[in-house]
Amino acid sequence: MGVITHTPAEQTLIDLLDGAEDWRAAAREAVVKFGLPTKRAEAWKWSDLRRATQGIEAAGVAGYRLDGSAIGPQITLGAGEEMMLDLTATAGVGIAALEIHVPAGQTARLIERHDLAAGAFVTARLEITLGEAATLERVVISEIDADAVGALRTRVVVAKHAKYRQSAVSFGSKLSRHETHVSHAGEGAEVDLGAVYLLAEGRHADFTSTVTHTGAGGVTRQLVKGAVAAHAQGVFQGKFKVEQAAQQTDAKMTHRALMLSDKAEIDAKPELEIYADDVQCAHGNALGAIDETALFYMRQRGLSEAKARAMLIESFLTEPLMLIESETLRERVTGLLRVRLGEMA
Amino acid sequence: MAAVKETIEDVKKLEADKYKYGFTTDVDTEVAPKGLNEGIVRYISAKKDEPEWMLEWRLDALKRFQEMAEPKWAKVDYPPIDFQDISYFAAPKAGAKYESIDDVPEEILKDFEKLGIPLKEQEVLLGVKGAAASAAEARETPKVAVDAVFDSVSVVTTFKEELAKAGVIFCSISEAMRDYPELVKQYLGSVVPTTDNYYATLNSAVFSDGSFVYVPPGVRCPMELSTYFRMNAEGTGQFERTLIIADKGAYVSYLEGCTAPMRDENQLHAAVVELIALDDAEIKYSTVQNWWPGDENGKGGVYNFVTKRGDCRGKNSKISWTQVETGSAITWKYPSCVLRGENSRGEFYSIAVTNGRQQADTGTKMIHLGKGSTSRIISKGISAGRSDQTYRGLVSVHAKAEGARNFTQCDSLLIGDQCGAHTVPYVECKTPKAVLEHEATTTKLSEDQLFYARQRGLDEEAATALLVNGFVREVLQELPMEFAVEAQQLLKVSLEGSVG
């Protein structure tokens, strides 16, 4: 491969990372060498980051804030706390990073909101570690500007007997990539990954995840549902890896999506990589349109077509959100979906 | 766990002698010098007395091949292949073509006889080995026409006259180039273009022989057609090319089988198969692949890098792939269907068994372009020993393919805890008027079921075989009857010693 010509966004990113250490140095190296990933890279085949960041040039400001205040690079949560974590960014190229630790036996809840301005390109990195028998519930609400680009990566290390529960809802943008990579120690540890995407015209959202089971007896449940309008693109790439030591792993992955219009696009790759024989692993993937029979039935009952459609889509999409423990929070997130559906009708 | 320990021991015992096709046949063979260059391509073309346009086609492919890089995305691991250390042409010395069965050297006939492939028509009439031609079944013994490919050349094609009566052309591709140049010119490379992928390009440059089938409009081919590929010579690769055309309303069922001697070296097999189904036509293509898989330490074995693609060009056309993959050290193979015609249908039924150190990355692609096109994928993978197996598939529905439907099911069975089973299905959908479903499971043999079967007096091996047969039954049913029995036997042999 020859030397690549960097786009302005790449150049700004390289400058921002200049002189950095740790993972930033490696990230810089990768951008210098290969640029931002394009659809030619297998893992980015449906989310061309390089293309989406065309036209973004200057540096912007991005960062995480906890309960409204600026925070350092690391925080510790516990004692049943509920915290609001905000990822914000102004137009331009920004980098955000945070490490969150939940100590052994502790319980916490994190409500994460994304607010990226038009013309922002944020590459964010969240590192979460759960100690033994710790519990963390994370609810992610990604409502970003249609003209923002987000490449948001979360790595979660789940120790034995710990519980990690993640529910994410994304309304997409020019390009929204939500990556979750879980290292799952098993031994009674449980991981739940729920996600919903509802994409209005022209938007893109990508849920990419890997769950690597390293110890025996782990449980993983993943349910991702989406609905996509015209010229919008929903992407799901899920991977369960079961290492040889992870016997008796019980893992199930499901992706279902509705295409709301001609010219909608959904791409999916639910992947299993298994090296242990005594496991139960399954994945399912189904794509289709709204059930016309159900629609007809509801219209017979006097509902307008738009109303009936919205109700059907809402009931389809909310299933992964049942994971959210707090009823008020669940209602709030469902409410957001309802508003968006109203706007899309 | 005792069973696991037993498995490990059994796998250790897995001896090469389980592969009963591992013999070599002493035939005076003419082998081209090793190496890949323009000279060799010209040599092959000249050997086959090809027209000028064919040579140009090959040289163009060679040029492209030299600019391409080997694909690395498959989940298989092998040392780099030295393409200059392979001989690209080997043929029995007596000549590349035999006018009749009587001219075929006795050694070669014996070789095929040993493999259970009857080449003398009167013998064929007695029934194919493995066929359940019991007296109780009063049906007529089915006839099977065979094209036998020995190293780089087709040595004999049986039942040609009888097929000709029905208007069916069944011959080696070299003969087709000579006798039906227009058909070959029109269709060769129209499904798998010269530069489709690395190995297809290599094949385009150096392909030696293979089968050609043309079934005219409205004709139902009166018998099963089959090609048997045998790799015999040392240090060679086999690069065959098969082209099957079912014209409007035609039907043909085709089976290929393959074996190779046991050798310490890795032999390369890079074939290209193109199927074309016009309006209302149907092609059923079945493969029983049993190339030498290498010994228990992964020494030797065939690298099977194959491009197979069918084009459902006409409306209501149908192409069905059925494969039983038990051989080869490394398999890299994705029989696919381009569903271009309205209401066309693609099917893929696969059983892949890996044992010892085998690696297989196999699956299918269903490209839905036509309205109302439907496809069905049933894949059953069985991994045992220290093998690794991946199902990799793509279902792609284009915006115009309204009413398209796909159902995919891929199940993996792991026998023993040293093996791997992976599933990588890709789905791309661009119309809401399509319904796509995918299911996949990975499990091990159920202890309960094994226990139950053993309670009924079956020993562990027989119980495993019974359960495995149940696991793959959906696919076996798709094989032509005559070969289903053989495939069932093959599964037993492949899994022998891997009871867990």
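The values are calculated or read from the model by the stated rules, or taken from the named source; none is laboratory data. Computed from a prediction, not measured in an experiment: that's the story for all the values here. Heads up, the Cβs are rebuilt from the backbone with ideal geometry, glycines too, and the neighbour counts pull from every protein chain shown.
On the given criteria, is A:GLY68 of a type in the set (Gly, Ala, Ser), at positive phi, out of contact with any Lys or Arg (no Cβ under 8 Å at 6 or more places or on another chain) and in contact (Cβ under 8 Å) with a residue 40 or more places away in the chain?
So A:GLY68 does not fit the description; no.
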**Study point:** Residue match in the stretch A:142-163 (condition: touching a strand residue (DSSP E or B) at 6+ places or on another chain (Cβ under 8 Å) and closer than 17 Å to A:ALA79 by Cα)
**Key:** yes
Exercise for review: Name the residue, out of B:GLY167, B:GLY127, that is small (Gly, Ala, Ser), modelled with pLDDT of 75 or more and part of a loop (DSSP other than H, G, I, E, B).
Suggested key: B:GLY167
**Study point:** Residue tally, condition within 19 Å of the chain's Cα centre (by Cα), of a type in the set (Val, Ile, Thr) and within 12 Å of chain A (Cβ to nearest Cβ), over the stretch B:378-398
**Key:** 2
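Is it fair to say B:ILE351 is within 13 Å of chain A (Cβ to nearest Cβ), in contact with a helix residue (DSSP H, G or I) (Cβ under 8 Å, 6 or more places away or on another chain) and crowded, with 23+ Cβ neighbours inside 10 Å?
No, not satisfied.
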Exercise for review: Sort out which residues of the stretch B:399-444 are surrounded by fewer than 22 Cβ atoms within 10 Å (Cβ to Cβ), more than 9 Å from every other protein chain (Cβ to nearest Cβ) and over 27 Å from the mean Cα position of the chain (by Cα), and write them in order of number.
Suggested key: B:LYS400, B:GLY403
Practice item. Taking only the stretch A:160-210 into account, find how many residues are free of Cβ contacts under 8 Å to residues at least 60 places away in the same chain, closer than 19 Å to A:HIS283 by Cα and among the acidic types (Asp, Glu). Key: 2
**Study point:** Number of positions in the stretch A:241-292 that are more than 7 Å from chain B (Cβ to nearest Cβ) and over 30 Å from A:ALA229 (Cβ atoms)
**Key:** 10
**Study point:** Failed criterion for A:GLN237 (all others in (1) at the interface with chain B (Cβ under 9 Å from one of its Cβ atoms); (2) touching a Phe, Trp or Tyr at 6+ places or on another chain (Cβ under 8 Å) hold)
**Key:** (1)
Exercise for review: Please find, among A:GLY80, A:GLY63, the residue that is under 19 Å from the mean Cα position of the chain (by Cα) and either acidic (Asp, Glu) or within 30 Å of A:ALA104 (Cα to Cα) (or both).
Suggested key: A:GLY63
Practice item. Could you pull out every one of the strands (runs of 3 or more DSSP E) wholly within the stretch B:385-500 that has 1 or more residues that are among the polar types (S, T, N, Q) and either within 23 Å of B:SER373 (Cβ to Cβ) or at pLDDT 85 or above (or both)? Key: B:388-397, B:405-415, B:420-429
Point to revise | In the stretch B:454-486, the residues that are more than 22 Å from B:THR408 (Cβ to Cβ), aliphatic (A, V, I, L, M) and touching a residue at least 60 places away in the same chain (Cβ under 8 Å) | key: B:MET481, B:VAL485
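Let's see how each residue does on (1) surrounded by fewer than 18 Cβ atoms within 10 Å (Cβ to Cβ); (2) charged (D, E, K, R); (3) more than 24 Å from A:ILE324 (Cβ to Cβ):
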position: A:ALA62; (1), (2), (3): no, no, yes
position: A:ASP67; (1), (2), (3): yes, yes, no
position: A:GLY78; (1), (2), (3): yes, no, no
position: A:ASP86; (1), (2), (3): yes, yes, no
position: A:THR90; (1), (2), (3): yes, no, yes
position: A:VAL102; (1), (2), (3): no, no, no
position: A:LEU116; (1), (2), (3): no, no, no
position: A:LEU126; (1), (2), (3): no, no, no
